[in-house]
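Only one structure is covered here, and it is reproduced in the block below.
The values are calculated or read from the model by the stated rules, or taken from the named source; none is laboratory data. Fair warning: this is a prediction, and the values are worked out from it, not measured in the lab. For neighbour counting, all protein chains shown are included, and Cβ atoms are generated from backbone atoms with ideal geometry for every residue, glycine included.
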Amino acid sequence: MLHHLIRQAARSGFALDIAAKPLPTPSRRSFLKAVGAGGGALVIGAHLPMPALAAEAAPKIIGPADPRPQLFIIIAPDNTVTVLAKHLDKGQGIVTGLATIVAEELDADWAQVRGAFAPADNKLYANHFFGVQGTGGSTAVANSWDELRMAGAAARAMLVATAAARWNVPAGEVTVAKGVVRHAASGRSFTFGDLATDAAKLPVPQQVKLKEAKDYVLIGKPDLHRLDHISKTNGTAIFAMDIRRPGQVTAVLARSPRFGGTVKSVDDAAARKVPGVIEVLTLPVGVAVIAKNTWAATQGREALKITWDDAKAETRGTDAMLADYRKLADQPGAVAANKGDADKTFTTVAANGGHVIDGEFVFPYLAHAPMEPLNAVVALNPDGGCTIWAGSQFQGVEQMVVAGVLGCKPEQVKIETQWAGGSFGRRATPNGDYIAEAAMIAKAYPKAPVHLVWTREDDIKGGRYRPLFLHRIKAAVDAKGNLVAWKQRIVGQSFMAGTPFEAVMVKNGVDETSVEGASDMAYPVPNLAVDLHSPTSPVTTLWWRSVGHTHTAYAKEVMIDRLAKAAGKDPVAFRMEMLKDHPRLAGVLKLAADKAGWGQPLAKGKGRGVAVHESFNTYVAHVADVTVDAKGQVKVDRVVVAIDCGEVVNPDIVKAQMEGGAGWGIGHALRGEITMTDGLVDQGNFDSFLPLRMSDMPAVEVHIVPSHERPTGAGEPGVPTVAPAVANAVFSVTGQPLQTLPFSRDGIV
Amino acid sequence: MISINVNGEERQVDVPGDMPLLWVLRDELNMTGTKFGCGIAQCGACTVHVDGQPIRACQTPVSMLTPESKVTTIEGVRGKAAEAVQAAWQKLDVVQCGYCQSGQIMSAIALLTDNRNPTDADIDSAMDGNVCRCATYVRIRAAIKDAAQTMRA
């Protein structure tokens, strides 16, 4: 997500520069008008002015030291240090990560550090890449790095100044380590808690000195525990699903079973007789059943008799949609990349001893299915605003959307962000989605706080899928085995179209998120043509962990193995010779290959495959080992992953993200798919949308490239290369490329 | 009124007998450590113990429990296996989003109560009913082995 902005930032050499450049954006007034008219919208680029920052090469003195440390750090007299996270933690560990950055510069003791979610506030807590408060695109560490280091250093300086004044000694004689402020010469010391009240009265210093990497005591250390590791093992961590406000009622919503359908008529007589059902309301988004508890609400919903109007609904099945996509793929699309002359090269290569290879790839719709089903509690406030308890991922968007629903100001929409039970992109939507639904129900039923709960079926059948994609690729190696031409046509829905992201993300008919990883591939192909069709459908789609790279990296890396085979080259060697100008990609490829024992002989039925890719400015390579048994059934035995994401704040969390990313990628490659028959989703729960389970999970070895480059992200980049590495491992055994996902379609799992 | 024993306490709830134990715990008794994930016994997020055996609370109508049935949830689970499992989970930082982990831990405690030296196949068999979308499976397996070692020591 927003890869374009991030890459633009990276090109500028200093990631936060982007915040100082206003991007094309609707004004807040026009935004509110759009929301009032019923459209979801997002302001991009309404940025928080950032202090002027020194270039990375300059001495580690950055000033002035604003943002104010009190936005991010609360030091209490009880000696706890609470770091406020403006980002959502949905398992990726960002509360721990942000706290680590602060604690490092503050010289806090890790045992005194706590984490909490900051209140929603676009002025104070915008994501500098987005212009509004929100989490996504593996940006959280990258966009918080400077401001939190400065905040920590400023707070430390204020503690030092307070201690120096009390002791009447020069500040230069005061040291801080592990949460203790000392004056060595006199043997005196204070805790942070001793100094906090007085330190808060001091002005924020205009200049602060940041640590050199060699002096880090917390950043980069593998032995810090996550701040949520206890509360999430004893049942005390509170998710939105666990919020219980006084008088709270539970709502479930009956939505059209076909995408784009609307309510024609409702018979709610039976539903109203279900014990515990309080109210049934017909709203533009569906029919809401409000009840004393979740069981009564779902029982009431089952008793509804609704006739749906499918006049504007999607009535095709996915087979019919794919057939339409294939027809589209016969025609040229919007141009995403065009250099040299691929078509001519295919002709000349074929005539001169080279090889031309064709491949058609099919990627299904995929649900995110986070373990915590979507839900939110909304309580109306007397001022016309409301308070929302949710695993809110785009707080800034949700404030604006809900303000549109309620007719209040965005700042009257208070959000109490909660730990989120997974997201994988699902909780970040351009139109507020389930939170807007909850606000609509609360507005229609103002008597009590409303908890809107999605069931798992609502989630699996509810859309916002990774789009169905078709890729057709023709590529050629010449007689010497050099990759000389690549032509790729991509067909799939744009989830940026029709949202306010469109202005930035869709250029000349090309949604960058549909072609990222393909049109900009690192392999130096002299003749490259990539084009795109973005057919529309009422089926709703959304970014899904690693976004366009979920399909582009797969198609690219599987084709590369086929080309290497045609050229008679080793898959790692073939890639290495093409990555001479990409040292970080080459670095992770070599590291993964070396650690996996690439080139060592394998037993019969065993296969080994590789893939390498850049996404979100992070570089990842996977080597996968598989067993193909006598019946052709595949088991993934081991995955070796190498990652270069710059300076690593918490190595154990990066490791966890690589383990989880591997499972995410493998699980969906094996059996994950959403299909439709006559517009009705065939799957409904984990008995049909089949998740990765314990017995599917391979061993995962993670190797992190040591680096002091600016930190990037790790939540998404661990996904794109694992499935093609597995596919290439199977290919090495069977000689059959796996080009239709999931693999279960080929009967191999 | 239905009487049930949860974590050693007698509780009275005024609910229809077909209400699953999951919703009795979460909505009536306000014990939210046990999670709703799928509602059809396919994900294990709602795993609790009834008389020491792991069951899916979302598919257990409260009327199926007898007054003698002892329900144990993540809030009340105690004993050598519970201590070893929770300590191992914390030592290895198993959790990511954490939403499935109450159920994972309840299944792991049940496994280790019966079997202090589980093989990988035993772990697969005992834990395959517990889904983790963050795919923390590598660490869950390692934590079960770590806890088993603690219990054997």
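Some notes on this structure:
- Sole residue being surrounded by 18 or more Cβ atoms within 10 Å (Cβ to Cβ), in the same structural domain as B:Val131 (by TED's automatic domain parsing) and either touching a residue at least 60 places away in the same chain (Cβ under 8 Å) or among the hydrophobic types (A, V, I, L, M, F, W, C) (or both), chosen from B:Cys43, B:Cys58, B:Cys100: B:Cys100
- Qualifying residue in the stretch A:104-114 (condition: touching an Asp or Glu at 6+ places or on another chain (Cβ under 8 Å) and assigned by TED's automatic domain parsing to the domain that holds A:Gly93): no
- Any strands (runs of 3 or more DSSP E) falling wholly within the stretch A:592-673 and containing at least 3 residues that are surrounded by fewer than 24 Cβ atoms within 10 Å (Cβ to Cβ), within 14 Å of chain B (Cβ to nearest Cβ) and modelled with pLDDT of 95 or more: A:634-644
- Taking the conditions (1) at the interface with chain A (Cβ under 7 Å from one of its Cβ atoms); (2) assigned to a loop (DSSP other than H, G, I, E, B); (3) surrounded by 23 or more Cβ atoms within 10 Å (Cβ to Cβ) in turn, B:Asn130 satisfies each one other than (1).
- Residue in the stretch A:397-405 that is in contact (Cβ under 8 Å) with a residue 24 or more places away in the chain, assigned to a strand (DSSP E or B), surrounded by 24 or more Cβ atoms within 10 Å (Cβ to Cβ) and of a type in the set (A, V, I, L, M) present: no
- Search result, residues across the stretch A:326-345 that are charged (D, E, K, R) and under 20 Å from A:Val525 (Cβ atoms): A:Lys339, A:Asp341, A:Asp343, A:Lys344
- Taking the criterion of being facing chain A (nearest Cβ under 7 Å) and in a helix (DSSP H, G or I), the residues of the stretch B:92-121 that qualify are B:Gln101, B:Ser102, B:Ile105.
- If you check B:Glu68, B:Glu75 for being at pLDDT below 95 and either assigned to a loop (DSSP other than H, G, I, E, B) or more than 10 Å from chain A (Cβ to nearest Cβ) (or both), only one passes: B:Glu68.
- The helices (runs of 4 or more DSSP H) falling completely within the stretch A:71-177 that include 1 or more residues that are surrounded by fewer than 23 Cβ atoms within 10 Å (Cβ to Cβ) and without any contact (Cβ under 8 Å) to a residue 40 or more places away in the chain map to A:140-167.
- Conditions (1) assigned to a helix (DSSP H, G or I); (2) in contact (Cβ under 8 Å) with a residue 12 or more places away in the chain; (3) surrounded by fewer than 24 Cβ atoms within 10 Å (Cβ to Cβ); number of the one not met by A:Ala586: (2)
- Selected residue (only one of A:Pro706, A:Pro698 is more than 8 Å from chain B (Cβ to nearest Cβ), surrounded by fewer than 24 Cβ atoms within 10 Å (Cβ to Cβ), in contact with a Lys or Arg (Cβ under 7 Å, 6 or more places away or on another chain) and more than 26 Å from A:Arg464 (Cβ to Cβ)): A:Pro698
- Answer from A:Ser494, A:Ser537, A:Ser519 - the residue that is small (Gly, Ala, Ser) and buried (at least 24 other Cβ atoms within 10 Å of the Cβ): A:Ser494
- Residues (in contact (Cβ under 8 Å) with a residue 12 or more places away in the chain and either basic (Lys, Arg) or surrounded by 24 or more Cβ atoms within 10 Å (Cβ to Cβ) (or both)) located in the stretch B:133-144: B:Arg133, B:Cys134, B:Thr136, B:Arg139, B:Ile140, B:Arg141, B:Ala143, B:Ile144
- Residue within the stretch A:733-741 that is at positive phi, surrounded by fewer than 20 Cβ atoms within 10 Å (Cβ to Cβ) and among the small types (Gly, Ala, Ser) present: yes
Table: residues versus (1) in contact (Cβ under 8 Å) with a residue 40 or more places away in the chain; (2) farther than 24 Å from A:Thr627 by Cα; (3) of a type in the set (Val, Ile, Thr).
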residue	(1), (2), (3)
A:Thr552	yes, yes, yes
A:Met578	yes, yes, no
A:Asp594	no, no, no
A:Gly599	no, no, no
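- One residue from A:Lys221, A:Lys211, A:Lys232, A:Lys201 being farther than 30 Å from B:Val24 by Cβ, assigned to a loop (DSSP other than H, G, I, E, B) and within 29 Å of the chain's Cα centre (by Cα): A:Lys221
- Filter result for the condition that a residue is within 8 Å of another protein chain (Cβ to nearest Cβ), out of contact with any His (no Cβ under 9 Å at 6 or more places or on another chain), part of a helix (DSSP H, G or I) and surrounded by fewer than 23 Cβ atoms within 10 Å (Cβ to Cβ), over B:Asp124, B:Asp27: B:Asp124
- Sole residue being over 26 Å from B:Thr72 (Cα atoms), within 14 Å of chain B (Cβ to nearest Cβ) and polar (S, T, N, Q), chosen from A:Gln206, A:Gln248: A:Gln248
- Single residue of the stretch A:420-436 satisfying the filter (outside any loop (DSSP other than H, G, I, E, B) and surrounded by 24 or more Cβ atoms within 10 Å (Cβ to Cβ)) that is modelled with the lowest pLDDT: A:Asp433
- Checking every residue in the stretch A:368-377 against the condition of being more than 14 Å from chain B (Cβ to nearest Cβ) and modelled with pLDDT of 95 or more gives at least one match.
- Among the criteria (1) closer than 28 Å to A:Val705 by Cβ; (2) in contact with a Pro (Cβ under 6 Å, 6 or more places away or on another chain); (3) among the hydroxyl-bearing types (Ser, Thr, Tyr), the one A:Thr541 does not fulfil is (1).
- Residue pairs meeting the criteria (Cβ under 6 Å; at least 6 apart or on separate chains; first farther than 12 Å from B:Val71 by Cβ and more than 13 Å from chain A (Cβ to nearest Cβ), in the stretch B:5-19; second outside any strand (DSSP E or B) and modelled with pLDDT under 95): B:Gln12/B:Met1
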